[in-house]
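The values are calculated or read from the model by the stated rules, or taken from the named source; none is laboratory data. Nothing here was measured: the structure is a model prediction, and the numbers come from that model. Here the Cβ is made from the backbone with ideal geometry for all residues, glycine too, and neighbour counts use every protein chain on show.
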Amino acid sequence: MAETQYYEGLGRRKTATARVRLYSGGNGTIMVNDKVADEYFGRGRDVQQLSEPLVVTNNLAHFNVTVHVNGGGITGQAGAIRMGIARALLKVDPENLTTLRKFGLLTRDPRAKERKKPGLKRARKAPQYTKR
């Protein structure tokens, strides 16, 4: 049996981690955890976000994408997949670097939930001040 050629990329966003594989010679199907992307993500905005690197580099119809993602919420997972696809496209053709950089697809978003501090109700919200 012939070994199938694929390019791999790892993406992270908040607490979500996505392992992405791009299979060359595909028709543009995106499978997330063995489901079609439209079926896995309820909102079209998330599907549009994760396919952005393929659209920007004009590779939407050239690859089949399989993704294994876990952790985080739906939006975090979509962001992780987006970064994983961008990193895999970089392995496909290093000349994609300038295009992907220009659209900010290779930059890891460092924002995450801030931890709760002692004496406060949440990370920054303090109890109401009473003078007497």
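For segment 7-41, give me each residue that is surrounded by fewer than 18 Cβ atoms within 10 Å (Cβ to Cβ) and among the hydroxyl-bearing types (Ser, Thr, Tyr).
Start the filter on segment 7-41 by keeping residues that are surrounded by fewer than 18 Cβ atoms within 10 Å (Cβ to Cβ), which leaves 8, 10, 12, 15, 19, 23-29, 31, 33-36, 38-39.
Selection gives Thr15, Tyr23, Ser24, Thr29.
How many residues are within 19 Å of Arg108 (Cα to Cα), out of contact with any Lys or Arg (no Cβ under 7 Å at 6 or more places or on another chain) and surrounded by fewer than 18 Cβ atoms within 10 Å (Cβ to Cβ) when one looks only at segment 42-57? Total satisfying the criteria: 2.
Determine, yes or no, whether Ala88 is under 25 Å from Thr29 (Cα atoms), modelled with pLDDT under 90 and out of contact with any His (no Cβ under 9 Å at 6 or more places or on another chain).
Values: under 25 Å from Thr29 (Cα atoms): yes; modelled with pLDDT under 90: no; out of contact with any His (no Cβ under 9 Å at 6 or more places or on another chain): yes.
Answer is no for this residue.
Candidates are the residues of segment 95-113 that are free of Cβ contacts under 8 Å to residues at least 24 places away in the same chain and either assigned to a loop (DSSP other than H, G, I, E, B) or touching a Phe, Trp or Tyr at 6+ places or on another chain (Cβ under 7 Å) (or both); the one that is farthest from Lys14 (Cα to Cα) is Gly104.
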